[in-house]
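First comes the structure, then the notes that go with it.
The values are calculated or read from the model by the stated rules, or taken from the named source; none is laboratory data. What you see is a predicted model; the values in this text were computed from it and never measured. Here Cβ is always computed from backbone atoms with ideal geometry, including for glycine, and neighbour counts include all displayed protein chains.
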């Protein structure tokens, strides 16, 4: 049994709490949130303990691993404390929106030799994992072209936009990670262009809601990602991988499987309403992977170095959004 | 080049005329219709000759094959004349609605040793042919269960109903032929039940518009057919074959491939509006098969003996509709 | 909070245990199983209490509702004890394989005025519930034809077959319940025919593994059900409802959404491997419905009287399997 | 009846010949090909006349319209002769690979006031036409993002590549035309990047076989096109239009509708093997449009000015392939 402390009891903290409570090899020991009442709500639901002291969460005598689900600007500090206390840590993305600061934190955690994982949970989505497995097995030959679609149901609140780092660092970064992981190559160049089509105030934040991004891989393979913040037909993501021997597609998910044949149309159940319905299962699977790694010392999925790479791509894409030209991706040494 | 005479210049005659005109190895020589003006319209369109004498159509000096597409009650007479004149013949179904008379006609044609085919055109539908090929190749193992769906867009006129022989002999018979052909076995028993749901006047003709028919094959395999005359979503047919090693399905066809994602629904293009859009290609393929057989002496697809078997099943099904019990199928000796 | 006792800690008892533990308004108090060790395993996992006395489960001072998931031959006794003790009860199907005994038990529970539900969980499947809602709302007009498919991945052990009551009472009965519920009418006649195709030893039990059943409804609408015990492509169920204004279909479920385009084929993820993956969510939803009914006094979904009706159809279908003719359905008075 | 002369009797000339022969309002009068024997083969098949004099094809006393399907480098000359003789003309794309020369030719034809159309036949594909109609009707709101996929089954011969103008001018240009036409806006900027992945010799021609192109529209809407020359799963094209109110998709076409459920996979019929199977119907529809325009004086679909615009986009895209940055599209004045 691994004793876990959870830091952060907001929406995504609540999701992690449920998975921690359900995992057979996890002892869900502690919850910390800057809002003590919110922490208490979570512990009440799951029979865990709440604490008002962050240090308790990093006390290696009573805790075996920390799950960081607090706000973005606190991730770096928690990761540093994990390094100091030698505490294994599973952290929500990003490490830090400032790439230099992120690099420095990763250096500290790496030197401390602490098992650490960034929660790019989509890697644990059943379909994306199957896609990657099939590509890695060589079943579609050499990767030539990848198409990724990431479309959210509604524009996040502007307060969120303000601290998000922009569409590339906040939304596309998930797919930058999937891209590297699926293709098995690190993109060398990136081009991005975007528009603010749903809310002109995005421009005040130098941000966009609709973007088209193109990546070049060392092999010459290409990758297109379209990201939109707000669509009117639910939550939509899909991935297509064209290889020299065939095509793979992780199709859109539907919320149900009922068809209505009326007149000259067939009306099917549409997509999930929210992103959470689509990807919720992957959070539990990601936690499972982390716990397995702790138990067996097996390699950790998206480790900090990999997360840095995804951030580096997002950085170059953000630059390209402004420059209007292909930008080289500069990976941290 | 095979010189063809066409008998019958109604709707289906017009379809055959177009296929005769387009076939590279066919010389579309002659059209006869009891309505001379109607024959003339067809010949004008396709540069063929019209005749007002039926005998010309059966003149072996100038004609190599006759295609019979006239009204049902004339089929037997034309087939007999083909037997007498030694003329190869491709005839629309049925041979004759009266099974005894049909048996007698088949005897005559068979004795005359004339190449003859009944136009159960669905055997030449690309998907159904693929289904049968796959079953025959043993790719899904032994057939255990077949489900067939045959649904028309609208009730035919009552005048047609009056001379159609009823839903089993007119509509289901196509699928009785497909059933035998696909399963590779002759059904031994049949149960049918039906209702007149769209127009109560059907009962005046002792007919139904909605029926559920079950066949038993000698191997113990079962077959369900649902037939309806009038649906509100186009023209619908599909077939499913469950074998001991897997399932095969010839899916519904759609009129187009456009999807509209709006709100929580996905709206796709629906089915074809009419039966003709769905199966038109199979008429040309059936003609091609017949011409090939004439050229190469290869076996003829649905020959008269096979057509009789399909009629025998329809006969037993019609009986079951009234008796409410499983009836044995009595095949002509 | 409703205090629940669970009777039966086998596979399906384990499923119920998990749902009881997760339900926010349920206090999962007690587990009883004739095999005490097995009960203990379940309670250990979920922090519930185990008991070796059946009476404790029916003690109204400490328990608010009982969930019966023990073996079929014990259902009647537990339902009688629920009647005697005035205990609300959610019982796995069937009430009792002997229809007369089932009728008698239902009489007792009804007289005791105890809230009681039979767990025909498929009613709570998202897609089937949507189907029924749409039909009930009149969105496809009057029901004319229903097609149901129920196909299991493998033949149950013969020991199970021996006590199952046969394919109609054990497998088809779920769909007889769905049929009534979806159509909003009680079938009046039934025809069934079947074969033992996967294991000839089924004949020793007078049972079949492959059957085609046809129901007639008072309106003249028809219903076809094909049931097979063993297919080679996973677990398969689907329902189609043809109405006078359109068609509804609850399609097959797939285990994933990955497509592989290779050569001239597209290879998609197939069906779930087991029935449980397909319908597991419906167990939780059924429990939710029962708890809601307890809380609000709202009407209970498949109540005992409805369960008896489904059994009556299964009874007539079993008779038809032998008689080879349409049999009237005799509903208990 | 419109008397048509066909110039060019190669593969695509043969396709046009068949459509000319089948069109009820067309008198298929004449065929000219630089290879007289080849012209003769086509006229033999369709009962048209062959000529060895190009002038006969432009003789307004005997011909009402010319269809130009000869090699690319002859288009400009034939268009000029049409202008001189006042002959309506339907011309295969492109006008001329040299944009300046194309502009000059269009000026001459326009001044001659001759009805002229460039055969961007995909506009007449049933699904793409439906897509455009739906967008134009405002049914998905304002266009925000378009995704187009164009993937051929095999690399054309290098001799063809050598005179093709490169992937943008030869392959992508069809989709540049569809893009403008569907979006209802003229792209202002384009970015393209590409690789030679299937045959390194493409680099000798400064060409690519795999490309990712991004267009920006004046409204800020974005458009992504991926083009590949050689895939291993048939011929693949599809289009997706994301609007502010929903998503439209013209899906991939399948060559058949048979599904095979075996083990844990469902194997469906794949895509067409060749591009021609996928789009052949659109050639007839394009001809129909042109004949209608001649008869009714209705506006002509892709006229020369529109074709020039598509070429201008291809020109800018070709430039971007080399520059690695967004290039402005310069439309001819």
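Couple of notes before you dig in:
- Residue in segment C:297-321 that is nearest to the other protein chains (Cβ to nearest Cβ), counting only those that are under 18 Å from residue B:191 (Cα atoms) and either surrounded by 20 or more Cβ atoms within 10 Å (Cβ to Cβ) or at pLDDT below 95 (or both): C:320
- Residue in segment C:225-236 that is more than 16 Å from residue C:151 (Cα to Cα) and assigned to a loop (DSSP other than H, G, I, E, B) present: no
- In segment C:132-146, the residue that is nearest to the other protein chains (Cβ to nearest Cβ) out of those that are under 19 Å from residue C:237 (Cβ atoms) and surrounded by fewer than 22 Cβ atoms within 10 Å (Cβ to Cβ) is C:134.
- For segment D:241-259, a residue qualifies if it is buried (at least 22 other Cβ atoms within 10 Å of the Cβ) and either within 7 Å of another protein chain (Cβ to nearest Cβ) or under 24 Å from the mean Cα position of the chain (by Cα) (or both), and the qualifying residues are D:241, D:242, D:246, D:247, D:248, D:250, D:252, D:258.
- Filtered residue count, segment C:16-28, keeping only those that are under 17 Å from residue C:70 (Cα atoms) and either out of contact with any strand residue (DSSP E or B) (no Cβ under 7 Å at 6 or more places or on another chain) or surrounded by fewer than 22 Cβ atoms within 10 Å (Cβ to Cβ) (or both): 2
- For segment D:226-237, filtering for residues that are facing another protein chain (nearest Cβ under 9 Å) and touching a strand residue (DSSP E or B) at 6+ places or on another chain (Cβ under 7 Å) leaves 6.
- Screening the candidates D:288, D:263, D:284 for the property of being away from chain A (no Cβ under 13 Å), surrounded by fewer than 19 Cβ atoms within 10 Å (Cβ to Cβ), touching a strand residue (DSSP E or B) at 6+ places or on another chain (Cβ under 9 Å) and farther than 15 Å from residue C:263 by Cα yields one hit, D:263.
- Only one of the listed residues (C:248, C:242, C:287) is touching a helix residue (DSSP H, G or I) at 6+ places or on another chain (Cβ under 6 Å), at negative phi, part of a strand (DSSP E or B) and in contact (Cβ under 8 Å) with a residue 24 or more places away in the chain. That residue is C:248.
- Strands (runs of 3 or more DSSP E) contained entirely in segment C:1-81, each with at least 1 residues that are in contact (Cβ under 8 Å) with a residue 12 or more places away in the chain and either within 23 Å of the chain's Cα centre (by Cα) or under 19 Å from residue C:114 (Cβ atoms) (or both): C:2-7, C:26-32, C:65-68
- Residue A:211 vs. criteria facing another protein chain (nearest Cβ under 8 Å) and either assigned to a loop (DSSP other than H, G, I, E, B) or within 21 Å of the chain's Cα centre (by Cα) (or both): yes
- In the set (1) within 14 Å of another protein chain (Cβ to nearest Cβ); (2) in a loop (DSSP other than H, G, I, E, B), the condition left unmet by residue B:129 is number (2).
- Selection of segment B:93-108 for residues being surrounded by fewer than 22 Cβ atoms within 10 Å (Cβ to Cβ) and under 20 Å from residue B:293 (Cα atoms) yields only B:93.
- Qualifying residue in segment A:149-156 (condition: under 24 Å from residue A:243 (Cβ atoms) and either away from chain D (no Cβ under 14 Å) or surrounded by 20 or more Cβ atoms within 10 Å (Cβ to Cβ) (or both)): yes
- Search result, residues across segment B:218-234 that are under 24 Å from residue B:134 (Cβ atoms) and in contact with a helix residue (DSSP H, G or I) (Cβ under 6 Å, 6 or more places away or on another chain): B:223, B:225
- Hey, residue B:294 surrounded by fewer than 22 Cβ atoms within 10 Å (Cβ to Cβ), in contact (Cβ under 8 Å) with a residue 12 or more places away in the chain and more than 10 Å from every other protein chain (Cβ to nearest Cβ) or not: yes
- Of the residues C:170, C:186, C:268, C:204, the single one that is assigned to a strand (DSSP E or B) and surrounded by fewer than 24 Cβ atoms within 10 Å (Cβ to Cβ) is C:268.
- Residues that are part of a helix (DSSP H, G or I) and touching a helix residue (DSSP H, G or I) at 6+ places or on another chain (Cβ under 8 Å) were ranked within segment C:271-281; the one that is surrounded by the most Cβ atoms within 10 Å (Cβ to Cβ) is C:279.
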